[in-house]
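J.: I have a structure I would like to understand better, so I am pasting it below and will then ask my questions one at a time.
Each value in this text was obtained by applying a stated rule to the coordinates, not by laboratory testing. Just so it is clear, the structure is predicted and the values come from calculations on it, not from any experiment. A quick note on method: Cβ atoms are made from the backbone with ideal geometry, for glycine too, and the neighbour counts reach across all protein chains shown.
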Amino acid sequence: MTRNIFANLMQATKSLEIDLGLDVLTQTDQQVFACIVLLSNDGQSEALLQDLKLHTLTKDIPTPSLYRSLKNLIECGILMKVGSERSGIYKLV
């Protein structure tokens, strides 16, 4: 039973990725995106880099990979950087 639930969750997740246009993102990009959605209350506020580094979804992502994902999400038009170049504040578009 548990394996079947897992398989159904995986299938539902894949369908959501496609529906939201997130299937073109890497796994790491998707983790960072999900973390920002949670931290920003689905775009109602900003997400801070320091919180991203500590969150359960992203704490194991190496810092260079985290920065690369943030850059990719900005280039895809999903995310924007708020404030100065070094502010570490991000907002969903």
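J.: For the stretch 54-93, just the Cα set please: Rg and Dmax, both in angstrom.
T.: Using the Cα atoms of the stretch 54-93, the pair Rg, Dmax is 10.5, 27 Å.
J.: Oh, and also: What are the semi-axes of the equivalent ellipsoid for the stretch 29-73, taken as the square roots of 5 times the Cα gyration tensor eigenvalues, largest first, in whole Å?
T.: 16, 11, 9
J.: Go ahead and estimate [θ] at 222 nm for the chain from helices alone: -39,500 (n - 2.57) per DSSP H run with n ≥ 4, summed, over the residue count, rounded to 500.
T.: Helix contribution divided over all residues of the chain: -17500 deg cm²/dmol.
J.: Can you figure out the FRET efficiency of Lys91 with Asn8, using R₀ = 30 Å and their beta-carbon distance, to the nearest 0.05?
T.: Efficiency for this residue pair is about 0.35.
J.: For the chain, taking Cα atoms only, what is the radius of gyration to one decimal and the Dmax to the nearest whole Å?
T.: 14.1, 51
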